């Protein structure tokens, strides 16, 4: 490339002169205002940027791109809340804040890792949650960690926008104890009851001695979630039929009892 000619420089100046003039006018107009007005405008812009920083996620893509071969990318993404799902916070005057780990978490993570990309997405701040995640996951099964600054603040709630996870939303399961947390994508969420710190926890292992037996039932399914829904619907139908049969048997027994009672009374008369 040769040196720019005088004609090209002149054409560039002609092209950029209007934009430069507008910029200069804006700067001059801004500083021509009284100092009090200038300070108020700067304060407003500061709080406006801070406001959007609070209500919007830090990035439209909160997770990096899925892993490519030869690395293994689990087919599903499991997003878990930390507070009242994996940990229960307790406070007392003597000890201050203490956190109780839910039973079976280590075993649960170990069994889920082959099928699920485990992400902890909590409404807590990173300063609070980061050491807690380290304590409950010493083996590093949790692949990613997201905190309050990644949520979308709506109607007084920290909402977790699944569309910002940079994953196929049809493959994402979000587990929380607040339905508001997945209000933007309600069909991606599963709301659990808050764990109260009870050591005899019926939810962590769901009464299953070996969770591998449960996972094995869905290992060959192309869509485990759809398979689970089909099985739940089948179980509900079978339960409804069982209750209907039980009701019919009860009605028959009641009718026979009434007939026998009437016969006995007529015989005594």
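Just how far, in whole angstrom, is segment 232-247 from segment 51-106 if you go by their alpha carbon centroids? When both Cα centres are located, 38 Å separates them. Each of 173, 120 was scored by other Cβ atoms within 10 Å of its Cβ. Arranged with the fewest first, they read 173, 120.
How would 149, 84, 176, 134 line up from fewest to most surrounding beta-carbon atoms within 10 angstrom? Let's see the in-between values first.
Details: 149 15, 84 18, 176 23, 134 12.
Listed from fewest to most nearby Cβ atoms, that is 134, 149, 84, 176.
Across every pair of non-identical alpha carbons in segment 76-218, the mean reciprocal distance, once inverted, gives a Kirkwood radius of 15.9 Å.
The simple Förster model, with R0 at 45 Å and r as the Cβ-Cβ distance, assigns residue 97 and residue 228 a FRET efficiency of 0.80. Under the 0.36 nm per residue contour assumption, what length would be gained going from the current alpha-carbon distance of residue 190 and residue 246 to full extension? Fully extending the segment from residue 190 to residue 246 adds 16.9 nm. Among 177, 164, the ranking by other beta carbons within 10 Å of each residue's beta carbon, starting with the fewest, stands as 177, 164.
None of the figures in this text is laboratory data; all of them are computed from the coordinates on show. These numbers come from a predicted model, not from an experiment. All Cβ positions, even for glycine, are placed from backbone atoms using ideal geometry, and neighbour counts span all protein chains on display.
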